[in-house]
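Take a look at the structure below.
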Amino acid sequence: MQDENINPLNPENENIVENKELNIWEALIPVFVLVGLLAFNVYVYGDNALSGSNQFILLIGAAVAAIVGYFNKVSYKQMLEEVAENVRSTTGAILILLMVGALAGTWLISGIIPSMIYYGLQILNPTIFLAASVIICAVISIATGSSWTTSATVGIALIGIGETLGISLGMTAGAVLSGAYFGDKMSPLSDTTNLAPAMAGGELFSHIKYMTYTTVPTIVVTFIVFIIIGLSIDTSGAADTASILKSIKGSFNISGWLFLVPVIVILLIIRKTPPLIALLAGTLLGGLFAIIFQSGIIWNNGLKYSLSEIPAKYEKILDWDGGKYNYYDPGTHSLVSNDNSITLKNNSLELSAPNAAITNSKSSTVEVIKEGNVIDKFEIKGSPTSFMQSAYFAVMGAITIDSAVETSNSELNDLFSSGGMKGMLGTIWLIICAMVFGGVMDAIGALARISRALLSLATTTFGLFASTVASCLALNVTASDQYLALVVPGKMFSKAYRDRGLAPENLSRTLEDSGTVTSVLIPWNTCGAYQSGVLGVPVADYFFYAIFNWLSPFMTLLFAAFNIKIKQLVQEVKAA
């Protein structure tokens, strides 16, 4: 689901820890504590729960799991080693998140995302927007094999278009994720599409063929629902499109040439370029295109001033009020004295904002006054940075920290802002804490115990499918990792499917229908944290509208209940 080569480990080689000392109720204690505390925390903090408190709750859950493990003869060293492996497995995802933050920043100041929004507003109207978003993201995801890349590129632009059209962010994010995960499931380039048959003992293209039986009806239903929503929603965006387009064009140099960058990134992914390299290329190209196409934004976001040095005899008693730096932002900067016996006059510089005469230096003659008499004079000066110096500040700022581009439309100002790498740190924090919880749960044998308990409930063929679905969902919640939600049930259920004469395609399809696509619905799962962070939409807001993702498990259960397209091993024997 993510990107090939994101996970530095081979998930199919994941060791499943079993602990015969642990019973099912002990295994569930950390889960009950975690869910209860998270529910209370969200009630108390609301949307701010992800600002740090939920992360600590995950650590509390891990501590509870560690206590359970201690009483079941699991050493602290074992738990710490499993946590280390878990955190290590997210290295690629964390680097991807940082690079996506950097890419979003340079694609903003270069005008790439604004250009996508500008042209998208003229092509897409509110009635067809959501359905079109599903199709667009499905096509990109099939081509790249990555829902992560899809949301980080066209997904971000579609979120902006939807917001401009007055469509709920949750609806747009749900449409983006529905299309992205459909394409991800059906693409032979996807890592999870390759992992699921490997775990079940099947073959890739046979797996994809059998997935179409449940996946195509699910995406058709999703598409129809979004068409109905599009016909029924009342948006205010359409009436304001003309003024919005004018505001965008007034702040950015809109050009079709800017689309070269996302096209290059998508082509790199299609050609199996490692995602980090592709996103780094997109980030650097975005910065280069910002310098070429958006000189006004470069000046606005990057202009700094260097201030003259303080005379040597006053270095110990005088300093600039903002501290000592090599470069200063536009605004008023004053010399201040820590010697009460002297005062200063004409000691401030009004450094022009970029929309003023940016090439002019500013100077002032400071008078040093003691006991009412002027005892000395010296000049202070502020010199503006050159265009290339300003470009460096603007691009580096967009990559690393908050950046924004103001327009004449106040509603667009929040849209045209980015947190850069800094904006992804909260999501990374959440992923690390989730991996700590998942690692401890794995080390004490709780994950395997829960899966075995669900497997023991399977007394019928439908029960086996239902237990597989429940196990995948449970692993997405408890292990916080999509790979484990495929690997653990895949390894533990494969023999049960063979014993019932069921072909491995049944298991691999069920793993994808319930493990791959539902990971994005769990806020602390690596996938849920990533997509929420990249799209800027909380999981709770898009959960209901990610129709494809939550409908897929029900579809696979429906096929199992009515014995539709359930492949039998005996059929293959007869054919031979």
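The values are calculated or read from the model by the stated rules, or taken from the named source; none is laboratory data. Computed from a predicted structure; not experimentally measured. All Cβ positions, glycine included, derive from the backbone under ideal geometry; neighbour counts span all protein chains shown. We work out accessible area using only protein heavy atoms, side chains counted, and drop any ligands, DNA or RNA first. Shrake-Rupley method; radii C 1.70, N 1.55, O 1.52, S 1.80 Å.
Quick notes
- The set of residues in segment 61-77 that are in a helix (DSSP H, G or I) and crowded, with 18+ Cβ neighbours inside 10 Å comprises G61, A62, V64, A65, A66, V68, G69.
- Test: residue in segment 232-245 that is at negative phi, outside any helix (DSSP H, G or I) and surrounded by fewer than 16 Cβ atoms within 10 Å (Cβ to Cβ): yes
- If the condition is being polar (S, T, N, Q) and either open to solvent by less than 10 Å² (accessible area, probe 1.4 Å) or modelled with pLDDT of 85 or more (or both), then segment 470-507 contributes S471, N476, T478, S480, Q482, N506.
- From the list L279, L285, the lone residue that is assigned by the TED database to the domain that holds S190, within 30 Å of T91 (Cα to Cα) and open to solvent by 30 Å² or more (accessible area, probe 1.4 Å) is L285.
- Selection status of Y314, in contact with a Pro (Cβ under 6 Å, 6 or more places away or on another chain) and open to solvent by less than 30 Å² (accessible area, probe 1.4 Å): no
- Of all residues in segment 165-187, those that are among the aromatic types (F, W, Y) have Cβ atoms under 6 Å from Cβ atoms of residues that are at pLDDT below 90, 6 or more apart or on another chain, in Y181/S147.
- The residue list F40, F56 contains one member that is assigned to a helix (DSSP H, G or I), open to solvent by 90 Å² or more (accessible area, probe 1.4 Å), at pLDDT 90 or above and closer than 30 Å to V537 by Cβ, which is F56.
- Remark: pairs (first residue in segment 292-309, open to solvent by less than 40 Å² (accessible area, probe 1.4 Å); second residue β-branched (V, I, T) and not in a loop (DSSP other than H, G, I, E, B); Cβ separation under 6 Å; 6+ apart in sequence or on different chains) = I297/I109; S308/I380.
- Test: residue in segment 103-117 that is open to solvent by less than 70 Å² (accessible area, probe 1.4 Å), of a type in the set (S, T, Y) and part of a helix (DSSP H, G or I): yes
- Residue list for segment 195-207, filter: closer than 18 Å to S141 by Cα and surrounded by fewer than 23 Cβ atoms within 10 Å (Cβ to Cβ): L204, F205
- Matching helices (runs of 4 or more DSSP H) fully within segment 465-576 where at least 1 residues are assigned by the TED database to the domain that holds L98 and either charged (D, E, K, R) or without any contact (Cβ under 8 Å) to a residue 12 or more places away in the chain (or both): none
- Qualifying positions in segment 130-148 - in a helix (DSSP H, G or I) and over 13 Å from G179 (Cβ atoms): W148
- Just one of the numbered conditions (1) under 27 Å from the mean Cα position of the chain (by Cα); (2) at pLDDT below 95 is not true of T241: (1).
- Residues in segment 376-408 that are closer than 20 Å to S308 by Cβ and not in a helix (DSSP H, G or I): 11 in all.
- If you go through segment 254-276 and pick out every residue that is open to solvent by 70 Å² or more (accessible area, probe 1.4 Å), under 20 Å from I298 (Cα atoms) and in contact (Cβ under 8 Å) with a residue 40 or more places away in the chain, you end up with 0.
- For segment 355-362, the condition holds for no residue, the condition being that it is among the hydroxyl-bearing types (S, T, Y) and not in a loop (DSSP other than H, G, I, E, B).
- Sole exception among (1) touching a residue at least 60 places away in the same chain (Cβ under 8 Å); (2) within 30 Å of I375 (Cα to Cα); (3) not hydrophobic (A, V, I, L, M, F, W, C) for G322, by number: (1)
- Pick from segment 395-423, criterion hydrophobic (A, V, I, L, M, F, W, C) and at pLDDT below 85, ranking: most open to solvent (accessible area, probe 1.4 Å): L415
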